[in-house]
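Reading through the structure tokens given below for one structure.
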Amino acid sequence: MNIKERLAIEGWVHLQDVGDISTLRSYLPHHKVFSTKTIKFQGARTVEHSNTLVPPHTDVFWVPVPPRYLVLFCESPASVGGESLLISNVNRCVSPDILEILKTQSIAHEKNGRRYTYKIYANDIIRVPHNYRSIEKAGSQYFLDAWAAFVDELRKNVFKVKLEAGDGLIVDNHSSLHGRLRFDNTRNQTRILHKVLINE
Ligand SMILES: [Fe+2]
């Protein structure tokens with residue numbers, strides 16, 4: 001089974017001793033790069049470059065079609081913590097009734113002075129923001145109750161993976177969620193990840 005077939009079934013794939021980010025990228029050769037980034041905590045205050053917990057989310061959840069795949073390569077793990085949090089195939093582990101309610105509500109999101117709207121579930125794509133509190137002002141009590149039930153279901157289905165140096169992780173960013181636990185670096189050991197987002 002190739003990587004894309006595994007992603008279609010499992011939602012994410014953990015690979016060991018990969019070599020580098022280009023090797024990982026080569027597993028999805030016919031897809032275009034959306035963005036590339038090195039994730040290294042140096043005291044910046046943005047969520048992505050912090051060392052605090054990032055709950056399971058979708059990358060670039062606010063655009064009409066988020067990048068399809070998230071590819072991560074671990075150059076160096078944190079000294080303590082930083083395990084990846086993964087939830088496979090969210091639409092298969094959450095009750096259809098909850099998903100139907102989530103389909104009904106548009107949520108506003110502002111990014112770089114632009115206003116976007118998105119739905120937590122629409123067109124078979126799951127979109128979960130990094131900041132769960134941003135949902136709390138989003139709609140009726142009926143919708144918020146469904147969102148709370150959805151988060152409860154997510155919690156029951158989280159899988160933890162510790163990426164070691166040389167490990168890779170590929171996640172289907174339309175079906176599955178990723179996050180990470182809080183971590184701490186030491187002077188001699190800093191968490192460094194290379195990330196590529198890939199379009200359909
Ligand atoms: Fe992310």
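General remarks:
- Test: residue in the range 93-105 that is within 16 Å of the ligand (Cβ to nearest atom) and at pLDDT 95 or above: no
- Filtered by the rule that a residue be assigned to a loop (DSSP other than H, G, I, E, B), within 16 Å of the chain's Cα centre (by Cα) and charged (D, E, K, R), the range 166-185 gives a lone residue, ARG182.
- Qualifying strands (runs of 3 or more DSSP E) (wholly inside the range 1-102; at least 1 residues being of a type in the set (Ser, Thr, Tyr) and over 18 Å from ASP172 (Cβ atoms)): 33-40, 69-76
- Here GLN16 meets each of (1) modelled with pLDDT under 90; (2) exposed (fewer than 13 other Cβ atoms within 10 Å of the Cβ) with one exception, condition (1).
- Counting only residues that are assigned to a loop (DSSP other than H, G, I, E, B) and either polar (S, T, N, Q) or surrounded by fewer than 17 Cβ atoms within 10 Å (Cβ to Cβ) (or both), the range 142-165 holds 5 of them.
- Failed item in (1) free of Cβ contacts under 8 Å to residues at least 60 places away in the same chain; (2) under 25 Å from VAL63 (Cβ atoms); (3) touching a Ser or Thr at 6+ places or on another chain (Cβ under 8 Å), with PRO129 passing the rest: (1)
- Taking the numbered list (1) in contact with a His (Cβ under 9 Å, 6 or more places away or on another chain); (2) at pLDDT below 95 in turn, ILE170 passes all entries but (2).
- Pair list, Cβ under 7 Å, 6 or more apart: the range 1-16 residue more than 20 Å from SER76 (Cα to Cα), other residue surrounded by 12 or more Cβ atoms within 10 Å (Cβ to Cβ) and among the charged types (D, E, K, R): LEU7/ASP172; GLY11/ASP172; TRP12/ASP172
- When the range 185-200 is limited to residues that are surrounded by 16 or more Cβ atoms within 10 Å (Cβ to Cβ) and charged (D, E, K, R), the one that is nearest to the ligand (Cβ to nearest atom) turns out to be LYS195.
- Applying the condition of being at pLDDT below 70 and farther than 19 Å from VAL80 by Cα to the range 45-61 and asking which residue is farthest from the ligand (Cβ to nearest atom) yields ARG45.
- Residue within the range 152-166 that is more than 16 Å from the ligand (Cβ to nearest atom), at pLDDT below 95 and not charged (D, E, K, R) present: no
- Meets criteria (under 29 Å from ASP145 (Cα atoms) and either free of Cβ contacts under 8 Å to residues at least 60 places away in the same chain or more than 16 Å from the ligand (Cβ to nearest atom) (or both)) for PRO77: no
- Yes/no for ARG182 being surrounded by 11 or more Cβ atoms within 10 Å (Cβ to Cβ), under 22 Å from SER84 (Cα atoms) and not β-branched (Val, Ile, Thr): yes
The values are calculated or read from the model by the stated rules, or taken from the named source; none is laboratory data. Since the structure is predicted, the reported quantities are computational estimates derived from the model, not experimental observations. Ideal geometry is used to build each Cβ from the backbone, glycine not excepted, and the neighbour counts take in all protein chains shown.
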